Amino acid sequence: IRDAYVQADIDTNVFDRELTGNIGVRMVHTTQNSPGLQDVGNGEGIPITDGVGYTDSDFLPVNPGQSYTKYLPSLTLNYRLTRSAQLRFAVAKVMSRPPIDLLKSGTASWITGDQYNLYAGTNPLLDPMYATQYDLALEHYFAHSTGVVGLDLFYKHIDSFVQTITYYNFDFASAGIQVPVDPATGQPYLNGQYQTAYNNTQGGYVRGLELQFQKADFLPGIWSGLGVSADYAYTQSDVEVPSNLGGFPQEQALPGLSKQVADAAIFFDYRKFDTRLAANYRSAFVSASQVSFNFQTVYFAPETVLDYQASYNFTSYLSGLFQVLNITDQPTRTYFGNPTETS
């Protein structure tokens, strides 16, 4: 991976208010390939000897991959409304490479009748996933850096997603994949299934809002170290990823996305001692596939987790930390099949 960027800073006044930010573009050049083995069977590969001396001629070495260069522009603006309030705006083209385990090569094969079939579930030719994202935030800072209250609106359009798919009657020859010869006919086997990963799944939007609040130093004396914080985010998405894992077709939501996420904390700092009690909540979400008896789509139920920690600095070089995670022993509940909890 090689990248480079150019950026110009913005520092001016608009309607007698300070406007700062930057505009730029990043160039990203990527070369990816993955050496592996393709199972062609019937001794039509090349002799390969393993570490204990066994030789097999059913495999061919392959090294598929690709190179690409992408340009990602971005703009960030900060508009100071008052001495304590500002309006932020950002827009950017972004990319995310597929999970590296989906980029590996190597395939397994099987024969059904007179058809040749390949299974990989991975693809070294996968392109990145691209999105255009917008953020608009209004922030008010309390005096003497004692806290902040803010509202953030966000919108992201995702072009496509990676999905595992099965092609039927796949043209292996056009894809440069060697099809072995059927000993019964002396001709290559007919085209069968090809199970692989691809990222042409239709994308969609992710949009929502986030509220944040933090305040400290609002009480006198020793209690000046007492503070509170809270965050809440609500997200909507029209993304529906088709899946037939688990034995029946279903439209699942964007993996890992909860409609509602919230956290709140109360903390106290006094000289060498500090302590914090925090609660974290997220609503139901769907995960990527997991293995049970076979690959299935997994749904996670809502959960609230309560954590506590305290620390003390004995000297400049020695400190102690006490921490309890998940005080209430909240279980993580998962289930298969159609979702029944969507809050």
Output the number of the condition that residue 210 fails; it satisfies all remaining conditions of (1) within 35 Å of the chain's Cα centre (by Cα); (2) of a type outside the set (Phe, Trp, Tyr); (3) farther than 25 Å from residue 172 by Cα; (4) open to solvent by less than 30 Å² (accessible area, probe 1.4 Å). (4)
For a quick check of your reading of the model, give me the residue pairs whose first member lies in the stretch 137-159 and is over 20 Å from residue 90 (Cα atoms) and touching a residue at least 12 places away in the same chain (Cβ under 8 Å), whose second is open to solvent by less than 70 Å² (accessible area, probe 1.4 Å) and among the charged types (D, E, K, R), with beta-carbon atoms closer than 7 Å and at least 6 apart or on different chains. 142/215; 146/215; 147/215
Identity of the residue in the stretch 118-153, surrounded by 17 or more Cβ atoms within 10 Å (Cβ to Cβ) and hydrophobic (A, V, I, L, M, F, W, C), that ends up farthest from residue 232 (Cα to Cα): 118
When restricted to 199, 191, the only residue in contact with a Ser or Thr (Cβ under 9 Å, 6 or more places away or on another chain), open to solvent by less than 60 Å² (accessible area, probe 1.4 Å) and among the polar types (S, T, N, Q) is 199
Tabulated pairs, the stretch 35-52, first free of Cβ contacts under 8 Å to residues at least 40 places away in the same chain, second of a type in the set (D, E, K, R), C-beta under 7 angstrom, 6+ apart or interchain: 43/58; 45/58; 48/56
Pair list, Cβ under 9 Å, 6 or more apart: the stretch 277-302 residue open to solvent by 60 Å² or more (accessible area, probe 1.4 Å) and modelled with pLDDT under 65, other residue among the hydroxyl-bearing types (Ser, Thr, Tyr) and assigned to a strand (DSSP E or B): 290/334; 295/164
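One residue is enough: does the stretch 69-92 have a residue meeting the conditions under 30 Å from residue 192 (Cβ atoms) and free of Cβ contacts under 8 Å to residues at least 24 places away in the same chain?
Going residue by residue through the stretch 69-92, those that are under 30 Å from residue 192 (Cβ atoms) are none.
No, the stretch 69-92 contains no residue that is under 30 Å from residue 192 (Cβ atoms) and free of Cβ contacts under 8 Å to residues at least 24 places away in the same chain.
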Give the stretch 141-166 a look and list any residue that's hydrophobic (A, V, I, L, M, F, W, C) and within 23 Å of the chain's Cα centre (by Cα), or say none. 153, 154, 158, 161, 162, 165
Which of the residues belonging to the stretch 60-81 are open to solvent by 60 Å² or more (accessible area, probe 1.4 Å) and either more than 27 Å from residue 7 (Cα to Cα) or of a type in the set (Phe, Trp, Tyr) (or both)? 61, 63, 71
Exactly one condition in (1) touching a strand residue (DSSP E or B) at 6+ places or on another chain (Cβ under 6 Å); (2) surrounded by fewer than 17 Cβ atoms within 10 Å (Cβ to Cβ); (3) closer than 30 Å to residue 219 by Cα is false for residue 108; which is it? (3)
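The values are calculated or read from the model by the stated rules, or taken from the named source; none is laboratory data. Treat the numbers as computed from the prediction; the structure is a model and nothing was measured. Virtual Cβ from ideal backbone geometry, glycine too; neighbours counted across all protein chains shown. Just so you know, the surface numbers come from the protein's heavy atoms only, side chains and all, with ligands and any DNA or RNA stripped out. Shrake-Rupley method; radii C 1.70, N 1.55, O 1.52, S 1.80 Å.
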